[in-house]
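Okay, structure first, notes after.
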Amino acid sequence: MSGIWYDAEVIAYNRVDSGAGFTEAGTWYGQRLEKTRVELQQKETVGTDGTTAASTCTIKIHDSDLPLPVCARPLWEAVPDRSITFGSETYILVIKKEDLNRNIEDAPEGIIKDSEYPSGLPAYLHDTYGMFYHVTTAEHYSLIPHWEVSGA
């Protein structure tokens, strides 16, 4: 299903350290999500301690555009190449957003070992690409079936 502004792409990274013997400790699974709507917010708060900046991201994706079903089970019970999980060990990397001239083609996908990156995969993605968010909420709406996933 297409819609206005559903032209961005993200990669959802889930930590999959255990579960059905799929992986070993320190393993991630990166799943590309196309036809997403990415909404970014940049805020600054001024207080007695100075200025604090915060960046948040919300992605929206129609159920029909998900490459795999969303897993309702806990992350450690999920099978990463057969479902997508939006949980406490999920991160989102914005890789394509035309209005920001962003088009990353070399971000890792699939099974990724944390040990391949000296500071770990999340630190590498944050430092190398930016626009990398830890998922804080995931909500499903049924009137127009879609997910809204937010991170900071």
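The values are calculated or read from the model by the stated rules, or taken from the named source; none is laboratory data. What you are looking at is a predicted structure, and each value in this text was computed from that prediction instead of being measured. Every residue, glycine as well, gets a Cβ built from its backbone with ideal geometry; the counts of neighbours run over all protein chains shown.
I'm trying to understand the selection: among the residues of the range 1-39, which are charged (D, E, K, R), at pLDDT 90 or above and under 12 Å from the mean Cα position of the chain (by Cα)?
E9, R32, E34 - these are the residues of the range 1-39 that are charged (D, E, K, R), at pLDDT 90 or above and under 12 Å from the mean Cα position of the chain (by Cα).
Out of the residues in the range 123-147 that are of a type outside the set (A, V, I, L, M, F, W, C) and touching a His at 6+ places or on another chain (Cβ under 8 Å), state the one that is farthest from A54 (Cα to Cα).
In this case the residue turns out to be P145.
Does T51 meet the test of being part of a strand (DSSP E or B) and touching a residue at least 24 places away in the same chain (Cβ under 8 Å)? Walk me through it before giving the result.
Working: part of a strand (DSSP E or B): yes; touching a residue at least 24 places away in the same chain (Cβ under 8 Å): no.
No.
Could you run through the range 63-78 and say how many residues are in contact with a Leu (Cβ under 9 Å, 6 or more places away or on another chain) and either modelled with pLDDT under 85 or exposed (fewer than 14 other Cβ atoms within 10 Å of the Cβ) (or both)?
So the first thing to find is which residues in the range 63-78 are in contact with a Leu (Cβ under 9 Å, 6 or more places away or on another chain), and the list is 65-67.
Applying the additional criterion that residues be either modelled with pLDDT under 85 or exposed (fewer than 14 other Cβ atoms within 10 Å of the Cβ) (or both) yields 67.
Of the residues in the range 63-78, 1 are in contact with a Leu (Cβ under 9 Å, 6 or more places away or on another chain) and either modelled with pLDDT under 85 or exposed (fewer than 14 other Cβ atoms within 10 Å of the Cβ) (or both).
For D81, work out the one condition from (1) modelled with pLDDT of 80 or more; (2) in a loop (DSSP other than H, G, I, E, B) it doesn't fulfil.
Here D81 meets the rest and fails (1).
Could you check how many residues of the range 97-118 are out of contact with any Lys or Arg (no Cβ under 7 Å at 6 or more places or on another chain) and either over 23 Å from P80 (Cα atoms) or among the basic types (K, R) (or both)?
7
Cβ-Cβ below 8 Å, separation at least six or inter-chain, first residue in the range 30-43 and under 15 Å from Y133 (Cβ atoms), second among the aromatic types (F, W, Y) and surrounded by fewer than 15 Cβ atoms within 10 Å (Cβ to Cβ): which pairs?
Filtered contacts from the range 30-43: R37/W5.
Find the residue count for the range 110-148, including only residues that are in a loop (DSSP other than H, G, I, E, B) and either among the polar types (S, T, N, Q) or in contact with a Phe, Trp or Tyr (Cβ under 7 Å, 6 or more places away or on another chain) (or both).
Going through the range 110-148 one residue at a time, the tally reaches 3.
If I filter the range 40-59 down to residues being modelled with pLDDT of 85 or more and over 15 Å from K96 (Cβ atoms), which single residue comes out as surrounded by the fewest Cβ atoms within 10 Å (Cβ to Cβ)? Step through it out loud before you land on a result.
Pass one, the range 40-59, residues modelled with pLDDT of 85 or more: 40-42, 55-59.
Next, only the ones that are over 15 Å from K96 (Cβ atoms) stay: 41-42, 55-56, 58.
On the way: Q41: 11, Q42: 8, S55: 14, T56: 14, T58: 17.
Step by step, filter the range 40-59, then rank; the result is Q42.
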